[in-house]
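Heads up, the thing below is written out as structure tokens.
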Amino acid sequence: MSSDNQQPFVTDRSRVTTDTQDARLTGQDDRFNSRLREAFGSSPFILTKFDKFMNWVRGSSMFMLQFGIACCSIEMMHTYAVKHDLDRFGAGVPRASPRQADVIIIPGTIVSKFAPRMKRVYDQMPEPKFVIGMGSCTISGGPFQEGYNVVKGAEEVIPVDIHIPGCPPRPEALVYGVAKLQERIANGESAPVVVKPYELEQFGDLERDEIVDQLAAEIDTDDLVMRYNWADSP
Amino acid sequence: MSIELPETAGVTEQSPEELEALLDELVIGRDDHLNAPGYVIKPDTVVESLRRLRDDAGFDHLSCVTAQEYDDRYESIYHLKKFDDPTQEVSIVVPADKENPVSQSANAVFRTADWHEREAYDLVGIEYDEHPNLKRILLPDTWQGHPLGQSYDQDQPQVVPLREHKNPLLEDQRAASESETMYLNIGPHHPATHGVLHVKAVLDGEQVVDLEPDIGYLHRCEEQMCQNSTYRYQIMPYPDRWDYISAGLLNEWAYARVAEDMADIEVPEYAQVIRTMGAELCRMAAHFLALGTFALDIYGDFTAIFMYSIRDRERVQNILEDLTGQRLMFNYFRLGGVVWDLPEPREEFIENARDYLEELPTALEEYHDMMTANEILQLRTVDTGVLPPEVAKSYGATGPVARGSGIDYDLRRDDPYGYYDKLDWDVVVEDGCDNYSRLLVRMREVEQSAKIVEQCLDLLEDWPEDERTIQANVPRTIKPKDDTEIYRAVEGAKGELGIYIRADGTEKPARFKIRSPCFSNLQTLPEMSNGEYVPDAIASLGSLDIVLGEVDR
């Protein structure tokens, strides 16, 4: 028991300094003879492009956003936790605030009410940011594709870098997807922004149909509106 | 060996004729369902009829409200039960005019009708008179049309003004200068809301004055999906995705039970034992996650209890994966049985499961040491989020939430199905009515589930090899007779999970309505939180253990 030990917890400061100095001088401490040092030879310099270095750093230390939507988020939690432990791959610190995160995993079905909220969360993340679409729902709407309320894939709303298929994908698949994303980031690739989610138009410019006529009482002609075109979605 | 049934002597059972006499002049017709007698009443006598049934006949549980549209009318069905004996059921059928569908709200008799009727208005389009807050609940306010109505065109575009999506925090949200209160948005992206729930809270200092859950951020049209699928195979994968916290088999059982009762399919006993075992393993996994996230909500314990609960879940999931081939979405039940037998070698599977059960008491001891015996947790949970039994009943709360309020209600015992009535186990009831009781109920239910699984394993081990029938002989297509209606429920991980189906003579249901336990349980949140501190409201939300996939469907 620790209570048996009556000695206070002390460190001999003088010895720490001398030990470190000795190690530095003689070069005997293992820390200073790492394999990295061996690889560099006697030169302490690395020659690389700064961009390339930054990309490598970015890929090796990713801060994920703690973001749960549906079934896939359960498997995502398992990936973060014991057994699969995503932290081993330098990507395991879920941040609760989007302002501290640079990767967002979208784990689940996106419906019309949630899509604008997800877009806002994504907008709040600082650049550079990356998106992992987890599960079939973020690819096409998955098993719920024919639903009247389901957005047919995350790419309708935000650009996605990596798609992981499955319903839900196993934790191993998510780990593989994260590793693939790291590879892409290290190579300086990211998804081209092809999505224009908020194509806004003035209400007065909309084609007149039954719905528009019905809404005319509530909406002014110069109000900006969005039009969800369910039939045209992939 | 079978369990003791609750005292039902005090619960007098009325014959359909007696009920008709009780409702007397209110009844204008009969529309019996497979599970219960149905009485047709006029749309302006809803309150009177329900009140008579509740006060004079003891039907104190409004289980579900189903709305649907026929060619010539709209219809709301109130499915009533008794908490003391859920096998006594009655349906009140309220037709409404096709052109102008207005019906009286039942909110004055049962508080739970509030959300159920809002959902009916949102999806089907029936308007409820005297309803306190009749607006959309699952779909955005800007939605045009009622998607489960007959005239709805799914391909029509939706027009949404930009102002509906403007950032609510752009302007200062402070109320008028005399006001002492503050408005706080929690969610829909917030770690403590267990998914995509949005809670609108009005605070006075640290205290909650008013709180309103805003749901619908995960409404993935489950009812429509099921209505577009065939009974035999296509519907079964969807229940897995309602309550997705590994409770898949429990949900599948809800569908299997209702469809089997409807099509008159007898399930072999051996398959029932496998079902019972699988379902209880699922319940354990689901409760473990509830424990882990509850600790996370109470004192942010991400490092110990959460990890422990995930560890235990992984072990259960391994067993379930051996059994079903899947970690999370099992799709293991079939109408009339299960898809395949235990994996070979059987001995190894049974031994694995036994090993797990053997280590479970030690694991539970750890949870008790770290949670229930922990002074911080006790301070945070004892006597907070109090839900008196009468309030819980009025809101239709079921499952661990009801049992934590001292309501002795468990469909596994009270309305037996599967193999439960032949096994030896107890229903866990705590009468503290607070967050702590609900936590205790879940922890003790894990023990009971382990007891059930153990007995099932014994039975499976000794089952004669040539009597292992896993599926009954079920026709390739199932076409129940036109206008067959049935409502059946099972005890899911969160409470009473019921399904109403109306057949129209084809191989797809004409109306498929899901009664989600979380939907009713979540309604009690304002009752538990008003007047409490914000962190206690978060604790109450955690103790309700909701799954948004099931709340929104």
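What follows is calculated from the coordinates using simple rules that are stated; it is not laboratory data. Just so it is clear, the model here is predicted, and its values are computed rather than measured. Positions of Cβ are backbone-derived with ideal geometry, glycine not excepted, and every protein chain shown enters the neighbour counts.
General observations
- Both radii come from the Cα set of chain B: Rg as radius of gyration, Rh as Kirkwood radius; their ratio Rg/Rh reads 0.96.
- Sequentially through segment B:194-205, phi angles give Karplus couplings (6.51, -1.76, 1.60; θ = phi - 60°) of 6, x, 10, 9, 10, 10, 9, 10, 10, 10, 10, x Hz, Gly and Pro residues having no value and appearing as x.
- Using θ = phi - 60° and Karplus 6.51 cos²θ - 1.76 cosθ + 1.60, couplings along segment A:62-79 (whole Hz; Gly, Pro as x): 9, 9, 8, 8, 6, 9, x, 10, 9, 3, 4, 5, 5, 5, 5, 4, 5, 5
- Note on segment B:60-134: Kirkwood hydrodynamic radius from all Cα pairs is 12.5 Å, rounded to one decimal.
- Stokes-Einstein D in µm²/s, Kirkwood radius over Cα pairs - the protein assembly as shown at 10 °C with 1.306 mPa s viscosity: 56
- Placing a label point 7 Å from the Cα of B:Arg163 along the Cα-to-Cβ direction, none of the residues of segment B:192-225 has a backbone N under 12 Å of that point.
- Summing charges over neighbours of A:Ala101, with a neighbour being any other residue whose Cβ is under 11 Å away from its Cβ, gives +2 when K and R count +1 and D and E count -1.
- Percent of beta bridges antiparallel (DSSP, chain B, rounded to nearest 5): 90
- Positive contributions from Lys and Arg (+1) and negative ones from Asp and Glu (-1), summed over other residues with Cβ under 12 Å from the Cβ of B:Asp44, come out at -3.
- Three-way shape label, segment B:222-552, alpha-carbon gyration tensor, a/c 1.5: oblate
- Estimated purely from DSSP H runs of n ≥ 4, each contributing -39500 (n - 2.57), the mean residue ellipticity at 222 nm for the protein assembly as shown is -11000 deg cm²/dmol once divided by its residues.
- Distance between the 7 Å Cα→Cβ label points at B:Asp55 and B:Asp383: 3.5 nm.
- Rg ratio (alpha-carbon, reference 2.2 N^0.38 Å) - segment B:236-324: 1.28
- Amide proton proximity set for A:Arg95, modelled H, under 5 Å, gap of 5+: A:Met64, A:Leu65, A:Gln66
- Segment A:101-123 versus segment B:304-333: alpha-carbon centroid distance in Å: 27
- Relative contact order for segment A:53-186, counting Cα pairs under 8 Å that sit 6 or more residues apart, in percent: 28
- The loop-placed trypsin sites (Lys or Arg not before Pro) in segment B:469-515, going by DSSP, that have at most 13 neighbouring Cβ atoms within 10 Å of their Cβ come out as B:Arg476, B:Lys481.
- Fraction of beta bridges assigned by DSSP in segment B:1-130 that are antiparallel (%, nearest 5): 75
- Reported to the nearest whole Å, the Cα centre-to-centre distance from segment B:510-525 to segment B:340-404 is 22.
- Each DSSP beta bridge with both residues in segment A:53-186 is either parallel or antiparallel, and the antiparallel ones are about 10%.
- For A:Phe63 and B:Asp421, the FRET efficiency from 1/(1 + (r/R0)^6), where r spans their Cβ atoms and R0 equals 51 Å, is about 0.45.
- Global form of segment B:281-424, assessed from the alpha-carbon gyration tensor, a/c cut-off 1.5: oblate
- Taking chymotrypsin sites (Phe, Trp or Tyr not before Pro) across segment B:30-130, the ones in a DSSP loop with at most 15 further Cβ atoms lying within 10 angstrom of their Cβ are B:Tyr70.
- For chain B, averaging the sequence separation of C-alpha pairs within contact (under 8 Å, six or more residues apart) and dividing by the residue count gives a relative contact order of 18 percent.
- Relative contact order of segment B:10-87, taken over Cα pairs closer than 8 Å and 6 or more residues apart, is 22 percent.
- For B:Asp129, the residues whose amide H sits under 5 Å from its own are B:Ser103, B:Gln104, B:Ser105, ignoring neighbours fewer than 5 places away on the same chain, with H placed 1.01 Å from N.
- For chain B, the membrane-span-like helix rule (DSSP H, alpha carbon extent of at least 24 Å along the helix axis, mean Kyte-Doolittle at least 0.5) picks out B:269-299; this says nothing about an actual membrane.
- For B:Ala510, nonlocal amide neighbours, meaning residues 5 or more places apart or on other chains whose placed amide H falls under 5 Å from its own, are B:Arg502, B:Ala503, B:Asp504.
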